[in-house]
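In what follows, a single structure is set out as structure tokens and then discussed.
The values are calculated or read from the model by the stated rules, or taken from the named source; none is laboratory data. Source: prediction; values computed, not measured. For accessibility, only protein heavy atoms count, side chains too; no ligands or nucleic acids. Shrake-Rupley method; radii C 1.70, N 1.55, O 1.52, S 1.80 Å.
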Amino acid sequence: MNYSPVPMYLPQGDDRNGLPRNPLDLFGTNKVVKICAPMVRYSKLAFRTLVRKYDCDLCYTPMIVAADFVKSAKARDSEFTTNQGDHPLVVQFAAKEAKVLADAAHLLSPFAGGIDLNCGCPQRIHADITKTVDLCQKAEAAGVSWISVHGRFPEERHQPVHYDGIKVIKDSLSIPVVANGDIKSLKEAENIHHITGADGVMAARGLLANPAMFAGYEETPLTCIEDWIDIALEHGTPFTCFHHHLMYMMERITSKQEKRVFNVLSSTSAVLDYLKSTYGV
């Protein structure tokens, strides 16, 4: 089982907007915590800003290599951006040395509510659920605040998620557990919460396809596309990223012919003209 990631809380107060920086404040309520997963290239500030408008409770950054982050100011500037509304926030690191991870966490402590150690991408993960449980219990004993579990083995890219395995892990721990894997609607998120007992649910591709998913929308509403345009332009999002997000968002609401036209557009102005003429956005 993929038992990544393992978050640790960095003690902070609230930000000036009154939003909690401590992600643990989200757990322990009667509702499931809805989380935007760490996604390479995609879960950056602009996209986090968008999903927060649509009932996403907690966001993760893309994975950052801790050693590079500590050594290079250039890497820090390119890999991590945030603002006062970007809370609660967890920063995901890849690290193999405790001191490097601690140094990276120290640098980020004024800006994030927690750090996350990626323990399963790409790694050889235990096929024996008892070994996975043992590892998670050791992580709990070491002081982590919660554990997120993607219920697949590395070779299971598109196979059904082992929600029964996530339930076993949840039942074996006293800290919160977050379930990850194939969550594509609010209804599915709530159903998986009930099946596994998980305290939170984490989505990646589901949110890419529909950033308004956690607000109950079955497909991306045009208001969400309008919000993305405004946010992306305000943040100076590079065209490739801006365009790719729109391609994901519009996958379910465009015809094959429309995709053939839209997906080859090569400038922001061309995209804006197309959306205005086709959808009135």
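Please tell me which of these pairs span more than 24 angstrom C-alpha to C-alpha: 31/187; 96/131; 44/170?
On the way: 31/187 13 Å; 96/131 21 Å; 44/170 29 Å.
Checking Cα-Cα distances, 44/170 exceed 24 Å.
Which residue fluctuates most in the GNM of the chain (Cα springs below 10 Å): 202, 213, 250?
250
Under a GNM of the chain (C-alpha, springs under 10 Å), which listed residue has the highest mean-square fluctuation: 210, 83, 191?
With Cα springs under 10 Å in the chain, the top fluctuation among 210, 83, 191 is at 83.
Show me, for region 96-103, the HN-Hα J-couplings you get by feeding each phi into the Karplus relation (A = 6.51, B = -1.76, C = 1.60, θ = phi - 60°), rounded to Hz, glycine and proline as x.
Values per residue, Gly and Pro as x: 10, 10, 4, 5, 4, 4, 5, 5 Hz.
Would you grab the residues whose amide H sits under 5 Å from the one on residue 81? Only those 5+ places off in sequence or on another chain, please, with H modelled 1.01 Å from N.
Sorted by chain and number, the residues that satisfy this are 45.
On C-alpha positions alone, give me the angle between the axis of helix 239-249 and the longest principal axis of the chain, in degrees, nearest 10.
With both axes taken from Cα atoms, the answer is about 80 degrees.
Which entry is the computed mean projected area of the Cα convex hull in nm² for this structure: [x] 15.0; [y] 19.8; [z] 17.6?
[x]
Name the residues whose placed amide hydrogens come within less than 5 Å of the amide hydrogen of residue 92, ignoring near sequence neighbours (fewer than 5 apart) on the same chain.
Placed amide hydrogens put 61, 64, 116 under 5 Å from residue 92.
With axes computed from alpha carbons, what is the tilt in degrees of helix 222-235 against the longest principal axis of the chain, rounded to the nearest 10 within 0 to 90?
80 degrees
Among 233, 208, 50, which one shows the biggest mean-square fluctuation in a GNM of the chain, springs joining Cα atoms closer than 10 Å?
Largest GNM mean-square fluctuation: 233.
Against the longest alpha carbon principal axis of the chain, how many degrees, from 0 to 90 and to the nearest 10, is the axis of helix 163-172 turned?
The angle comes out near 40 degrees.
Show 41, 76, 252, 52 ordered by accessible area, largest first, where the area counts protein heavy atoms only and the probe is 1.4 Å.
Values: 41 150, 76 70, 252 100, 52 50 Å².
My answer, sorted largest first, is 41, 252, 76, 52.
To check you understand DSSP bridge types, tell me what percent of the beta bridges within the chain (both residues inside) are antiparallel, rounded to 5.
On the way: 6 of 27 bridges.
Approximately 20 percent, going by the DSSP bridge assignments.
With every protein chain kept in the model, how would you rank 193, 87, 244 by accessible area, 1.4 Å probe, largest at the top?
Details: 193 45, 87 10, 244 70 Å².
The ordering from most to least exposed comes out as 244, 193, 87.
For the chain, what's the relative contact order in percent, using C-alpha pairs closer than 8 Å and at least 6 residues apart?
Relative contact order here is 21 percent.
Starting at the first residue of region 25-32, write each ³J(HN,Hα) from the Karplus equation 6.51 cos²θ - 1.76 cosθ + 1.60 with θ = phi - 60°, in whole Hz, x for Gly and Pro.
Coupling constants for region 25-32: 5, 7, 8, x, 9, 7, 10, 6 Hz.
Heavy atoms of the protein only, probe of 1.4 Å, neighbouring chains included. What is the accessible area of residue 218 in Å², nearest 10?
130 Å²
Helix-only estimate, please: 222 nm mean residue ellipticity of the chain, summing -39500 (n - 2.57) across DSSP H runs of length 4 or more and dividing by its residues, to the nearest 500.
Mean residue ellipticity at 222 nm (helix-derived): -12000 deg cm²/dmol.
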